[in-house]
Amino acid sequence: MIQLLLLPAALLIALIFGIPLLRYLWLSFHADSVITSLVAIPNNGANWFRLFNDQRFWQDTYQTARFAFVSVSLEIFLALGIALLLDQRWRGRGVVRAITLLPWALPTTVMALGWRWIFNTPNGPIEQFAKLIGLQHLYGLQDLNILANPSLTWLATVVGDVWKTTPFVALILLAGLQTIPNDLYEAFDLEGGKPCAGLFKITLPLLQPYLLLGLLFRLAQAFGVFDLIQVMTGGGPASSTESLALYAYLNAMRFLDFGYSATVMIASFLLLVFICLFGWLVIHQTKHFREVVK
Amino acid sequence: MSLILENIGRRVGRNWIVRHLQLEVAEGECLALLGPSGCGKSSTLRLIAGLDQADEGTIFIKGKDVTTVSPVDRRIGMVFQSYALFPHLTVAENLALGLRVRKFSATDQQKRVASILNLMQLEDHARQRPAQLSGGQRQRVALARALLRDPLVYLLDEPMSNLDAQLREDLRPELRRLILKDGQPVVYVTHDQHEAMAMAHRIGVMRDGQLEQVGSPQELYHQPTSTFVASFIGRPQINLLPAESGIIKAIRPEDLKLSSQGLPCRLIHREWLGTSQLWLLESPRGQLRMLTAGDTSIPANIQLEWSTKKEHLFDANSGLRSKYPTS
Amino acid sequence: MIRTRNLWITVLLLWSLAPLLWQLYTSFCSNESLIHTFATHQHRWTLENYRQVLTANPPFWRYLLNSAFVGISSTGLTLLLAIPAAYSLVKVPRNFARGARLFLLGAALFPYVLLFLALLEIARSLNLGNNLLALSFPYAALSMPLAVLLLSSAFRDLPSEIEEAARLEGLGLWQRLRWVLIPLIGPATASTAILVFLFSWNEYPIALTWISTTDLLTLPVAIARIAGSSVYSIPYGAYAAATVLGSLPLLLLVIIFQRQIVSGLTQGAIKG
């Protein structure tokens, strides 16, 4: 009887998560585009052949992975610092915590556009500041032209992502820090341990589950990055910041090729599952490795 | 008999946490279930209340088979170990909630709550929440809620264990008076033998989901049917001495006497208890506890003896009694 | 020690606030002054940007209302379905509950952007496009995994004796939920509600594809539209004014509900 209470929620989840995935799987084996007058026609896996030979798909895969790994590593690192800072007792901590949270609470699109203005050439503050100290001469350029320079643009998107989501990771780590009893550090101090060693000997090992949780959550989100890129760079310049989700979006909404868009989405989903499994295995291995070394 | 458990059993997975339980409680009788933690005493209480379903056996309340009846319809007045007061409601609201869902009129609710608050001397706390009350006051609210149920059976699950030792002793007579005043059967679960002896007419000692022995406090003390009951009842603990031919001799610490010839012992520890003192002794037959008068001085050579009349004899394999002391 | 800490606190505040303050600054600048940021100007300060945003057609507050409407309806729908589900998850057999939690965690991790195309198809076939109320269905579904996880861990933390006492008092399932259990998980409900509201307020890809009528746009889409108007010359002043106006409600929300947000996120971390 009591299981019936689960039913409405389960049905809604199945409808919104399950049906799309099945539909994509089905669509990915059909041609459904302007050419077929938006009617789905079976095409014997042609979408998948196309995918494997699609330079742009693999390029986007690389770019998405690069974006995800770099921003998530930075986020974990910075978040750890912030969490350690917020874990200490000082006056005004609550206010600072609220302010730290602010970037996370704002809509991604709002600040994506904000960053576009900040990185604007030639009028944005970063460019002006670079000009002031003559940074562009280092590269022999007129302007840094951040959002038009493929080697810099993706870094700008990383900055935008790190700024927005570090608070989220920091809070997860803060939750972890608050579960570590203080007497552990006191005992460590009595043993004559250095404060810095406490971080590595006590904090990090005990924080491990929270680090993993934050890592997993953020990796999955970063791999599906869409809002930030679409609004901040539109995937440009020259598709150099295009993510897999954006590519799938463009295939559907701009090229009106639904069959191929579905194929890209299924492929992205499989890649993500693969990365998560791989990451889990690596973590598992290192754990095992550490036990062996001990 | 107004509460009867017939061959009750409860299984979790493959383990029987309660089994073959046979128990009868009369009107106006308080029966304590006593045992170490995990022995199944609280589980038995939950079976009587209907919070868990029995996997075998039958439960009768006032002659009616209630084995499959819902908890509400069994009319149980229960006091939980944590008191389980509703923390978001005031004392008066806590008491009125049950009356309201049982469709008492508003004036009736007020009248009943007021009279029970008066009985429990809680009038001053009617508008407070449980968190603002002391442990003793919370216990009284929990008891008031149970009394308001107008129950056929009272069940109390370690109602004292959240109180400090002094308060516990102070509250015993009052609690006993209140739960017995309607003449209903009471089952009182505790792990504290002093509390069980103070509160109950009869005590059931439980072990591994089974009733080991049921009887008056005197019976349990003087005629324990197993080494388990013998060691569980009576402090300091009874001495168990392995004897020849598969027999265990058990002798209470207060029955050991100093003598000029007997079992030679060495004193290894001594506790001062006021009017008496406890000696922990090392002997060739194992460690012994001895209770002696407060002014006894330690002789140079400690030798012990006891009257064979005071010996309890148990079978070493089964742990069951083979001979009563012939006092 | 304390001095270095204050230094780090300052850095943290700067890092968090500087981009926002820059938007605030921009929103009060005339367009001419924006072209040369560090040069001095006669007519730097202006309210023109705000006037422009608030008198546009439709006026900007319209989008705020739309977002608030979607946020409230999705939060309501989510709680309506998540509370019973969370309760039952505590009562079902342990192995089933463990499997369900794992599944929910996976769903919470899922990058939902990938669902937009099929959801769009659903919206078209059921004629749900350009309907703010209909948006709460995907929003509620996407928030559901986290909401059920958070609420069920709150139910699990309640001492079981409380519910048993209520049962003995004669309260039926619905009465127990209504009078005892739901009031007791109030704090967790508040945290969950605020997280769901934030998600719905901020959601972009689904709103982008489901809503095309200008009057019905939610805030994130409306703001992105400003950006889409031209790739090269975005009216940054007007845009910054929109950002500031769009951020104010969230600023208030974060300040008022800071504790609930933090406890929601941290509970999720500890129990997830």
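The values are calculated or read from the model by the stated rules, or taken from the named source; none is laboratory data. Note that the coordinates shown come from a computational prediction; the quantities given were computed from them, not determined experimentally. Positions of Cβ are generated from backbone atoms using ideal geometry, with glycine treated the same way; all protein chains shown enter the neighbour counts. The protein model used for the area step is the full one, side chains on, heavy atoms only, and it has no ligands, DNA or RNA in it. Shrake-Rupley method; radii C 1.70, N 1.55, O 1.52, S 1.80 Å.
Some observations on this one:
- Qualifying residue in the stretch C:115-125 (condition: touching a helix residue (DSSP H, G or I) at 6+ places or on another chain (Cβ under 8 Å), free of Cβ contacts under 8 Å to residues at least 12 places away in the same chain and open to solvent by 10 Å² or more (accessible area, probe 1.4 Å)): yes
- Candidate set: the stretch C:5-19, residues that are at the interface with another protein chain (Cβ under 7 Å from one of its Cβ atoms) and within 14 Å of A:Ile118 (Cβ to Cβ); chosen: the one surrounded by the most Cβ atoms within 10 Å (Cβ to Cβ): C:Pro19
- Residue check for B:Val69: open to solvent by 10 Å² or more (accessible area, probe 1.4 Å) and out of contact with any Asp or Glu (no Cβ under 8 Å at 6 or more places or on another chain): yes
- Looking only at residues of the stretch B:17-52 that are free of Cβ contacts under 8 Å to residues at least 40 places away in the same chain and open to solvent by 30 Å² or more (accessible area, probe 1.4 Å), we find that the one that is farthest from C:Arg94 (Cα to Cα) is B:Glu24.
- Top-ranked residue of the stretch B:263-279 - restricted to ones that are assigned to a strand (DSSP E or B) and open to solvent by 40 Å² or more (accessible area, probe 1.4 Å), ranked as nearest to B:Gln303 (Cα to Cα): B:Pro264
- Residue satisfying all of: in the stretch B:280-295; under 34 Å from the mean Cα position of the chain (by Cα) and in a loop (DSSP other than H, G, I, E, B); nearest to B:Ile238 (Cα to Cα) among these: B:Arg285
- Of all the numbered requirements in (1) in contact with a Pro (Cβ under 8 Å, 6 or more places away or on another chain); (2) open to solvent by 30 Å² or more (accessible area, probe 1.4 Å), B:Arg14 misses one, and that requirement is (1).
- Scanning the stretch A:92-114 for residues that are within 7 Å of another protein chain (Cβ to nearest Cβ) and either over 19 Å from C:Leu253 (Cα atoms) or β-branched (Val, Ile, Thr) (or both) yields A:Val96, A:Ile99, A:Thr100, A:Thr108, A:Thr109, A:Val110, A:Leu113, A:Gly114.
- Breaking point among (1) part of a helix (DSSP H, G or I); (2) at pLDDT below 90; (3) surrounded by 15 or more Cβ atoms within 10 Å (Cβ to Cβ); (4) among the charged types (D, E, K, R), for B:Asp170: (3)
- Scope the stretch B:296-327; condition farther than 14 Å from B:Ala243 by Cα, not β-branched (Val, Ile, Thr) and not in a strand (DSSP E or B); matching residues: B:Ser297, B:Pro299, B:Ala300, B:Asn301, B:Trp306, B:Ser307, B:Lys309, B:Lys310, B:Ser318, B:Tyr324, B:Pro325, B:Ser327
- Residue pairs whose Cβ atoms lie under 7 Å apart, separated by 6 or more positions or on different chains, with the first residue in the stretch A:222-239 and of a type in the set (Asp, Glu) and the second modelled with pLDDT of 85 or more and open to solvent by 10 Å² or more (accessible area, probe 1.4 Å), are A:Asp227/A:Thr108.
- Single residue of A:Leu250, A:Leu190, A:Leu184, A:Leu244 found to be over 29 Å from C:Leu13 (Cβ atoms), crowded, with 19+ Cβ neighbours inside 10 Å and more than 11 Å from chain C (Cβ to nearest Cβ): A:Leu250
- Within the stretch A:253-263, restricting attention to residues that are crowded, with 24+ Cβ neighbours inside 10 Å and within 9 Å of chain C (Cβ to nearest Cβ), the residue that is nearest to A:Pro20 (Cα to Cα) is A:Ala262.
- Residue count for the stretch C:94-109, restricted to those that are touching a residue at least 24 places away in the same chain (Cβ under 8 Å) and within 7 Å of chain A (Cβ to nearest Cβ): 1.
- Enumeration of residues in the stretch B:204-237 that are surrounded by fewer than 22 Cβ atoms within 10 Å (Cβ to Cβ) and aliphatic (A, V, I, L, M): B:Val214
- Check on A:Ile16, closer than 30 Å to C:Ala85 by Cα, under 23 Å from the mean Cα position of the chain (by Cα) and of a type in the set (Val, Ile, Thr): yes
- Breaking point among (1) over 30 Å from B:Asp65 (Cα atoms); (2) touching a strand residue (DSSP E or B) at 6+ places or on another chain (Cβ under 8 Å); (3) not in a loop (DSSP other than H, G, I, E, B), for B:Gln218: (2)
- Any hit, the stretch A:254-261, residues being out of contact with any helix residue (DSSP H, G or I) (no Cβ under 9 Å at 6 or more places or on another chain) and within 28 Å of C:Ala207 (Cβ to Cβ): yes
- Within the stretch C:24-54, considering residues that are open to solvent by 90 Å² or more (accessible area, probe 1.4 Å) and modelled with pLDDT of 70 or more, the one farthest from the chain's Cα centre (by Cα): C:Trp45
- Listing of helices (runs of 4 or more DSSP H) fully contained in the stretch A:63-143 that carry 2 or more residues being at pLDDT below 90 and open to solvent by 60 Å² or more (accessible area, probe 1.4 Å): A:93-105, A:125-133, A:135-138
- Taken as a whole, the stretch C:109-123 holds at least one residue that is within 25 Å of C:Ile185 (Cα to Cα) and assigned to a helix (DSSP H, G or I).
- Residues (assigned to a loop (DSSP other than H, G, I, E, B) and within 11 Å of B:Asp315 (Cα to Cα)) located in the stretch B:222-243: B:Thr225
- Qualifying residues in the stretch C:221-272 (those that are of a type in the set (Lys, Arg) and either more than 24 Å from A:Met232 (Cβ to Cβ) or open to solvent by less than 60 Å² (accessible area, probe 1.4 Å) (or both)) - the one modelled with the lowest pLDDT: C:Lys271
- Unique match (being within 17 Å of the chain's Cα centre (by Cα) and part of a helix (DSSP H, G or I)) among A:Ala262, A:Ala252, A:Ala222: A:Ala222
- Qualifying residue in the stretch B:118-125 (condition: outside any loop (DSSP other than H, G, I, E, B), open to solvent by less than 20 Å² (accessible area, probe 1.4 Å) and not aromatic (Phe, Trp, Tyr)): no
- Some residue of the stretch C:154-161 being crowded, with 20+ Cβ neighbours inside 10 Å, without any contact (Cβ under 8 Å) to a residue 24 or more places away in the chain and not basic (Lys, Arg): no
- Candidate set from the stretch C:162-186 (those that are facing another protein chain (nearest Cβ under 10 Å) and not in a helix (DSSP H, G or I)); member that is surrounded by the most Cβ atoms within 10 Å (Cβ to Cβ): C:Glu169
- Filter result for A:Leu22 (open to solvent by less than 20 Å² (accessible area, probe 1.4 Å) and either assigned to a helix (DSSP H, G or I) or within 11 Å of chain C (Cβ to nearest Cβ) (or both)): no
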